[in-house]
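The values are calculated or read from the model by the stated rules, or taken from the named source; none is laboratory data. Predicted model only: the values in this text are computed from it and were never measured. Cβ placement follows ideal geometry from the backbone for every residue including glycine, while neighbour counts extend to all protein chains displayed. Quick note on the areas: whole protein, heavy atoms, side chains included, nothing else; ligands and nucleic acids left out. Shrake-Rupley method; radii C 1.70, N 1.55, O 1.52, S 1.80 Å.
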Amino acid sequence: MASPAVTLSWSSSSWLNNRSLSTRPTNECITISDKASAFVVFAQKKAKKTRKIILIEDVTDVGKKGQLLDVKAGFYRNYLHPSGMARIVTPDLIKEMKVEEERIEAEKKRVKEEALQLARIFETVGAFKVKRKGGKGKQIFGSVTAQDLVDIIKAQLQRDIDKRIVSLPEIRETGEYIAELKLHPEVSAQVRLNVFAN
């Protein structure tokens, strides 16, 4: 076991006072006697400085909005914080994010319910009638487009529909056709069209 006496040695401070290179410093030795136990110093690793953050918006190659991340302190301090893309995690911030998440989920559910209700209306209406100028046999002049269907729905049901959600087969003759309306990513409705010639 190590002796309780600790020996410390260092260069004399006279070298610093004289600032003379010609004189050689002398070594002094001091002995400290301590009856208590000796202490041991361990080398410590450099601490990694990270911050726990919540992203306020989507950040390329980092993460999506609302995601909890551990990032380097410098990256947060120099890039994410000044640009307003992230905030440090606090209990209040976590509560705020949960409330916002619940509000978004409720809004998504409401939109889906409206789409389901609208799909039921379209499927109970029956067929929409479209009149076009007739040609030879079953041929009609021109074709029936998505905009024509949107105009008919607005006239009969007083509902505004975006023509981009309407998918129609190519209609160039009289007959019955089925159009599909993509009302929501999870909800679609089928609508029947009866095309008549004048």
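Write out, first by first residue and then by second, each pair whose Cβ atoms fall under 9 Å of each other, whose residues are 6+ apart or on separate chains, and whose first residue, in segment 113-131, is under 22 Å from H184 (Cα atoms) while the second is among the basic types (K, R) and open to solvent by 20 Å² or more (accessible area, probe 1.4 Å). Close Cβ pairs satisfying both conditions: L118/R159; I121/R159; F122/R159; V125/R192; G126/R192; A127/R192; F128/R192. Within segment 49-69, the presence of at least one residue that is acidic (D, E), within 11 Å of the chain's Cα centre (by Cα) and not in a strand (DSSP E or B) is confirmed. Within the set Q190, Q139, Q156, the sole residue that is within 26 Å of E113 (Cβ to Cβ) and touching a strand residue (DSSP E or B) at 6+ places or on another chain (Cβ under 6 Å) turns out to be Q190. Within segment 66-93, the set of residues being within 13 Å of K49 (Cα to Cα), in contact with a strand residue (DSSP E or B) (Cβ under 7 Å, 6 or more places away or on another chain) and not charged (D, E, K, R) comprises V71, A73, Y76. Scanning segment 154-166 for residues that are hydrophobic (A, V, I, L, M, F, W, C) and over 36 Å from the mean Cα position of the chain (by Cα), we see that the one that is farthest from E180 (Cα to Cα) is A155. Can you find a residue in segment 120-127 that is of a type outside the set (A, V, I, L, M, F, W, C), out of contact with any Phe, Trp or Tyr (no Cβ under 9 Å at 6 or more places or on another chain) and open to solvent by less than 100 Å² (accessible area, probe 1.4 Å)? Among the residues of segment 120-127, at least one is of a type outside the set (A, V, I, L, M, F, W, C), out of contact with any Phe, Trp or Tyr (no Cβ under 9 Å at 6 or more places or on another chain) and open to solvent by less than 100 Å² (accessible area, probe 1.4 Å), which makes the answer yes. The single condition from (1) open to solvent by less than 60 Å² (accessible area, probe 1.4 Å); (2) in a loop (DSSP other than H, G, I, E, B); (3) modelled with pLDDT of 85 or more that S20 fails is (3). Just one of the listed residues (E107, E113) is assigned to a helix (DSSP H, G or I) and either open to solvent by 80 Å² or more (accessible area, probe 1.4 Å) or modelled with pLDDT under 90 (or both), and it is E113.
Could you list all residues from segment 176-187 that are open to solvent by 50 Å² or more (accessible area, probe 1.4 Å), in contact with a strand residue (DSSP E or B) (Cβ under 8 Å, 6 or more places away or on another chain) and not charged (D, E, K, R)?
I178
Selection within segment 128-150: residues that are open to solvent by 30 Å² or more (accessible area, probe 1.4 Å) and not charged (D, E, K, R). The member of this set that is nearest to the chain's Cα centre (by Cα) is Q147.
Selection of strands (runs of 3 or more DSSP E) fully inside segment 130-198 by the criterion of at least 1 residues being under 23 Å from R110 (Cβ atoms) returns 175-184, 187-197.
Results for (1) polar (S, T, N, Q); (2) at pLDDT below 90, shown as yes or no for each residue.
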{"residue": "S143", "(1), (2)": "yes, yes"}
{"residue": "D160", "(1), (2)": "no, yes"}
{"residue": "V166", "(1), (2)": "no, no"}
{"residue": "E173", "(1), (2)": "no, yes"}
{"residue": "I178", "(1), (2)": "no, no"}
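Here V191, V195, V166 are screened, and the one residue that is touching a residue at least 60 places away in the same chain (Cβ under 8 Å), in contact with a helix residue (DSSP H, G or I) (Cβ under 8 Å, 6 or more places away or on another chain) and open to solvent by less than 40 Å² (accessible area, probe 1.4 Å) is V191.
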